[in-house]
Amino acid sequence: MPELPEVEVTRRGIAPHIEGQVVTDLILRREGLRWPFPSGLAQILRQRRVLSTGRRGKYLLLHFEHGSLIIHLGMSGHLRMLDSDLPPGKHDHVDLVLGRSRMRFTDPRRFGALLWHPKEEGDCESHLLLRALGVEPLGCPDLAARLFHATRTRSAPVKQVLLAGDIVVGVGNIYACESLFHAGIHPATAAKRIALARYTRLAAQIQHVLTAAIEQGGSSLRDFIGVDGRSGYFQQTYFVYDRQGEPCRQCGKAVKRLVQGQRSTFYCGQCQR
């Protein structure tokens, strides 16, 4: 699933092509993806200018004067900027047409979403899917303190707390594994047992890992590619994720795997205590 870095890479890729441009058409090739498309969405967007792009967690935002288009890439989705005359493929479900170019939404597994939040209903962060999200990890100077104070009564494993998204948003499975490794924290440690000093290390590593992933184009696992059609390469630098049985890059011991909340967690039993 595209996580925060992949969504941010996508946002940065489409921004120069769509910001300030007028939508000339919206082509929907099915009735919906994970949820039905909003009624009359083509009429809502046609001849309207994209003022800016944004991101909230794993949600991509296109801001218009009269509201915001909320896009979720789901399990396998990606966006590409294409020439207007390129015919669609089997899994190309949406085209946002901007004159001679178009932004195409491809989603083989159809778990993505395209939603509309009108301006009269308030800021788009008041939308049902966004309102309960935690703080953005990048650029948050007090992330460590937020993690520490919000977890004093949480006995759940720290990795599960990171994935929950109500304290900090966008730290998905891959980047939680990598951040916990670099911070030297075992993923099964109860969140409330972690001291402020360790959360300070964890917060710094979350920000470092996410920033590095964005700079390297994200992780291209299974279906994700960038707007330009290229794959990211952060997966080439993983220390633990998807490396079960391989030697730890730090100590040489075999990387281990456990299942938490039906998700695979990878860690080093020697380096993470």
Every residue from region 53-85 that is open to solvent by less than 20 Å² (accessible area, probe 1.4 Å), free of Cβ contacts under 8 Å to residues at least 60 places away in the same chain and touching a Gly at 6+ places or on another chain (Cβ under 9 Å) | L60, L62, S68, I71
With the first residue restricted to region 243-270 and required to be touching a residue at least 24 places away in the same chain (Cβ under 8 Å) and of a type outside the set (S, T, Y), and the second required to be assigned to a strand (DSSP E or B) and open to solvent by less than 60 Å² (accessible area, probe 1.4 Å), Cβ contacts under 8 Å at 6 or more apart or on different chains are L258/S264; L258/T265; L258/Y267; Q260/P157
How many residues does region 15-27 hold that are open to solvent by 60 Å² or more (accessible area, probe 1.4 Å) and farther than 28 Å from P137 by Cα?
-> 1
Restricting attention to region 86-101, which residues are surrounded by 12 or more Cβ atoms within 10 Å (Cβ to Cβ) and either in contact (Cβ under 8 Å) with a residue 40 or more places away in the chain or in contact with a helix residue (DSSP H, G or I) (Cβ under 9 Å, 6 or more places away or on another chain) (or both)?
-> P88, D92, H93, V94, D95, L96, V97, L98, S101
Would you mind stating whether P38 is open to solvent by less than 30 Å² (accessible area, probe 1.4 Å) and in a loop (DSSP other than H, G, I, E, B)?
-> no
Scope region 174-190; condition touching a strand residue (DSSP E or B) at 6+ places or on another chain (Cβ under 6 Å) and open to solvent by 10 Å² or more (accessible area, probe 1.4 Å); matching residues = A188
Looking only at residues in region 208-225 that are outside any loop (DSSP other than H, G, I, E, B) and surrounded by fewer than 18 Cβ atoms within 10 Å (Cβ to Cβ), which one is modelled with the lowest pLDDT?
-> E215
Identify, from the list V50, V9, the residue that is of a type outside the set (S, T, N, Q), under 28 Å from E136 (Cα atoms) and touching a His at 6+ places or on another chain (Cβ under 8 Å).
-> V50
Pick from region 226-245 the residues that are open to solvent by 80 Å² or more (accessible area, probe 1.4 Å) and within 20 Å of S179 (Cβ to Cβ): which of them is modelled with the highest pLDDT?
-> Q244
Reported set for region 91-100 where residues are at pLDDT 95 or above and either within 17 Å of E31 (Cβ to Cβ) or not β-branched (V, I, T) (or both) is H91, D92, H93, V94, D95, L96, L98
State whether one or more residues within region 119-135 are crowded, with 19+ Cβ neighbours inside 10 Å and of a type in the set (S, T, Y).
-> no
Being without any contact (Cβ under 8 Å) to a residue 12 or more places away in the chain and not in a helix (DSSP H, G or I) is the filter; apply it to region 141-173 and report the residue that is surrounded by the fewest Cβ atoms within 10 Å (Cβ to Cβ).
-> P141
Working only within region 84-136, note down all residues that are among the hydroxyl-bearing types (S, T, Y) and part of a strand (DSSP E or B).
-> S101, T106
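The values are calculated or read from the model by the stated rules, or taken from the named source; none is laboratory data. Quantities reported herein were computed from a predicted structural model and do not represent experimental measurements. Using ideal geometry, Cβ is built from the backbone for each residue, glycine included, and neighbour counts are taken over all protein chains shown. Please note that ligands, DNA and RNA were not included when accessible areas were found on the heavy atoms of the full protein model with its side chains. Shrake-Rupley method; radii C 1.70, N 1.55, O 1.52, S 1.80 Å.
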